[in-house]
1. I need the phi-derived Karplus couplings for segment 21-27: 6.51 cos²θ - 1.76 cosθ + 1.60, θ = phi - 60°, integer Hz, Gly and Pro marked x.
2. By a straight-distance test (C-alpha under 18 Å), which lysines pair with residue 22 as possible cross-link partners, with residues fewer than eight away in the same chain excluded?
Amino acid sequence: MLTVVAQLNEDKGIETLGGQKKQQQQQQQQQQQHEQEAEEAEENDKKKKRRKQQQQQQQQHEQEAEAEENKKKKKKKKRRKRRKEEKEEEKKKKKKRRKRRRNEKKEEKEGDGKKE
C-alpha cells in the first residue's frame, strides 16, 4: 500500500524519499555517463593526434628517403657523364697518337727514300 501511495505521489510530482533517491541515482548515472563520454572523446582525440603525428613522421621519412635516392641518382648520373667524357678524351688522345705515329712513319719512309 505504501508503494502504491509513493507511486501516486511520484506521478503527481510530489517528491517522496524514494523518489529523491531515484532522482539522485539518475543524476549520478547521467553524470557518470557524461564523464565517460568525455573520457572517450579525450582518448579519441589523443589517438587521432598520435595517428596524425605518426603519418607526418612517416611522410617525412619517405621524403627524406626520396631526397636521398634522388641525390644518389644525381651523383651516379654525374659520375657516368664524367666517365663518358674521360673516355671521349682518351679516344681523342689515342687518335692523335696514331695520327702522329703514322706521320712519323711516313716521314721516316720519305727520309729513307731521299737518302737512297
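Read-outs throughout are calculated quantities, based only on the coordinates presented, and are distinct from any laboratory measurement. Keep in mind the model is a prediction, meaning the values are calculated, not measured.
1. Taking θ as phi minus 60°, the curve returns 5, 4, 4, 4, 4, 4, 4 Hz for segment 21-27.
2. 12
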